[in-house]
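Take a look at the structure set out below.
Read-outs throughout are calculated quantities, based only on the coordinates presented, and are distinct from any laboratory measurement. If you're wondering where the values come from, they're calculated on a predicted model, not measured in any experiment. Glycine gets a Cβ as well: all are built from the backbone with ideal geometry, and neighbour counts include every protein chain shown.
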Amino acid sequence: MLLSPSIMKNKTILLFMSTIRTLQREINDAINDVEVNPTSIRTRTKLGEFSDEKLEKLKTFVDNIDTGKLKGYMSTLPPLHINQLTADEYEDPFKMPLPKRWQIYKTFLKGHVDKLHVKIDSAIADYKKAYMRFDSVSSPDNIRLMKKMKVIGMTTTCAARMRDSLESVKFPIVVIEEAAEVLESHVISAVTKDCKHLILIGDHKQLRPAVADFEVETKYRLGVSLFERMVANGVECHTLDVQHRMRPEISSLIVPYIYPTLKDHESVKKYPDVRGVAGNMFFLHHEQPESNSGECSKENKHEADFLLKFAEYLLQNGYKPEEITILSAYLGQVTTLHRKRRSCSHPGMQQIPIKSVDDYQGEENKIILLSLVRNNEESKIGFLSNEKRVCVALSRAREGLYIMGNIKHLTSRSRLWKDIEHTLISQNDVGPKISLKCQLHNRITHVDSCKDFGHLEQGGCRRKCMKELDCGHVCPQQCHGRDIGHIAEYFCREKCERYPCRAHPKVRCTSLCSMECARCEASIDHKLTCGHLAKCYMFTLDEDRIGSLKDDSHCEEVVDMKLNCNHNTILKCYLKFDSLEKKCHECTNKTKKHVRFTKNTRL
């Protein structure tokens with residue numbers, strides 16, 4: 001392969017090409033030895049050295065090579081016009097040096113992109129013209145409709161788009177919810193000159209508005225909402241100091257560290273305990289390392305695997321998928337959780353919400369499983385040191401909150417996490433293993449890895465259920481967390497011991513114990529004129545019913561019969577007295593048939 005002078009300056013590419021050429025020569029030598037004498041000791045030794053040492057060397061080299069630098073260098077090459085190629089290069093592109101091939105590729109790509117840009121610009125211009133025409137036609141109708149309404153609801157983005165219409169409506173009061181998460185420019189766009197009362201509702205201690213450009217946000221403080229700016233400047237505001245969401249154990253993580261005066265409403269003290277777990281809140285400490293997910297995000301596969309198993313265990317204890325949410329501090333972890341969830345066998349797992357903390361502000365759920373992800377040798381915790389993000393993450397759960405992370409790393413980098421750790425320790429809610437509790441036997445199982453859930457396949461413990469059922473039998477299944485009342489899924493499978501028929505008190509039911517008793521099929525000791533014995537077919541039997549069963553017209557024994565076309569069919573015996581127009585299944589002749597017994601009739 002020919003190398004241009006510009007490539008000669010790049011040490012990374014030179015080293016790469018040199019290594020490839022050396023390995024290629026060694027591969028060719030090994031192949032020649034195999035062709036000459038494939039069974040010799042020298043050949044086997046050389047192949048062994050190549051397969052073990054050389055491939056490992058190549059793997060190490062490729063792992064360490066700066067691929068980003070290589071791609072960056074290639075992207076700096078200028079486009080090359082096809083007229084600059086030689087005749088041989090034009091006929092066979094593989095005769096071109098690598099830089100030339102790259103330049104030609106960039107030329108073709110740029111030409112294609114330029115054509116697409118022209119089409120896109122034209123489509124955007126057409127769209128803007130069409131939208132302006134549509135808006136001019138629909139605006140009067142919107143204005144007339146809104147003037148009839150007492151309350152109008154819309155997003156701040158919609159308010160900016162319909163600014164002219166809102167000015168025509170002249171509404172005096174504007175209420176903006178989640179105002180601490182709304183950009184100041186969005187608030188201004190929703191307020192017209194006729195507004196007399198602006199009400200902002202929000203929490204400035206939670207996440208700020210999202211700004212696309214981090215540099216601009218930092219330089220001009222665009223991430224600070226009008227709501228937070230007013231609070232910081234001492235504008236009078238009223239605070240709701242009673243929370244109706246979190247049980248006291250969960251709210252203690254943010255009170256008083258984030259909300260000094262927040263109080264718990266009486267209703268949150270009456271929540272039931274989380275089924276299948278010994279505690280309603282727990283921080284599972286571990287030291288399994290994180291890894292990179294994409295260019296800037298993080299993932300922790302150990303946390304992803306464990307929380308998915310934990311969620312499945314909660315489903316086995318009777319929780320619905322919509323009652324559980326898995327949150328993560330990083331988008332990379334959210335992607336990993338979604339990918340790993342595809343292999344989960346429990347059907348309810350696919351309906352469990354999996355979201356990032358930032359996307360879950362303003363929402364809540366009965367049980368939250370939180371993956372903090374960060375776990376590295378440098379004890380870096382990233383934006384987990386951000387008090388606002390921590391506040392959102394810890395305040396989404398109503399009844400149960402279970403967190404996975406490295407508490408030592410968090411406390412070494414954040415004063416807030418030190419306070420949270422103090423609360424967790426005082427409540428005995430932090431440790432290397434989480435305690436699961438069987439609902440039937442109150443047996444505790446300590447788990448810290450996915451394999452520990454393998455012994456709890458039904459959401460209970462390792463014992464047999466053995467709970468006494470209403471019928472007097474015991475459940476022989478493995479301990480199960482779902483349907484512990486044995487009503488819907490787990491029921492008695494023993495044979496029924498009842499004798500339901502009063503006419504035959506010695507005839508035992510043939511159904512399962514948990515099922516409705518089967519009809520009695522004992523004979524009533526009366527031979528009908530057709531030759532069959534009358535059957536009971538009842539749970540209970542009185543004399544009138546016995547008398548009616550002695551009538552031949554009630555014989556339900558199944559018999560063979562022959563039609564006039566000489567084909568056989570099967571009917572109940574009492575139908576032999578009926579004259580029916582019946583179409584034979586084996587021929588299309590419509591016959592007037594009368595049942596008559598044959599030698600093949602089963603009595």
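Taking amide hydrogens as placed 1.01 Å from N in the peptide plane, the amide H of residue 254 sits under 5 Å from that of no residue at least 5 positions away in sequence or on another chain. What the phi angles of the range 185-195 give under the Karplus curve with 6.51, -1.76 and 1.60, with θ = phi - 60°, is a coupling list of 5, 5, 5, 4, 5, 8, 10, 9, 5, 8, 6 Hz, glycine and proline written as x. Which of rounded, prolate, oblate describes the range 248-459, given a ≥ b ≥ c as roots of the alpha-carbon gyration tensor eigenvalues and a/c under 1.5 marking rounded, otherwise prolate only if a/b is larger than b/c? Note, shape of the range 248-459 comes out rounded. For residue 277, the amide hydrogen comes within under 5 Å of the amide hydrogens of 437, counting only partners 5 or more places away or on other chains and with H modelled in the peptide plane.
Which order do the peptides 245-255, 449-459 take when ranked by the mean count of other beta-carbon atoms within 10 Å per residue, highest first? Mind showing how you got there, number by number?
Working: 245-255: 21.2, 449-459: 15.7.
Ranked from most to least packed, the peptides come out as 245-255, 449-459.
Distant-in-sequence amide contacts of residue 284, defined by a placed amide H-H separation under 5 Å and a gap of 5 or more residues or a different chain, comprise 403, 404, 405. Loop-resident GluC sites (Glu not before Pro) (DSSP state other than H, G, I, E or B) in the range 290-333 with no more than 12 further Cβ atoms inside 10 Å of their Cβ: 295. For the listed residue pairs 147/193; 301/388; 298/340, the alpha carbons are over 19 angstrom apart in 301/388. What shape does the range 222-349 have by the C-alpha gyration tensor, where a ≥ b ≥ c are the square roots of the eigenvalues, rounded means a/c under 1.5, and otherwise prolate means a/b greater than b/c and oblate the rest? Because a/c hits 1.5 or more and a/b fails to exceed b/c, the range 222-349 counts as oblate.
Annotation: the antiparallel percentage among DSSP beta bridges lying fully within the range 248-459 is about 30.
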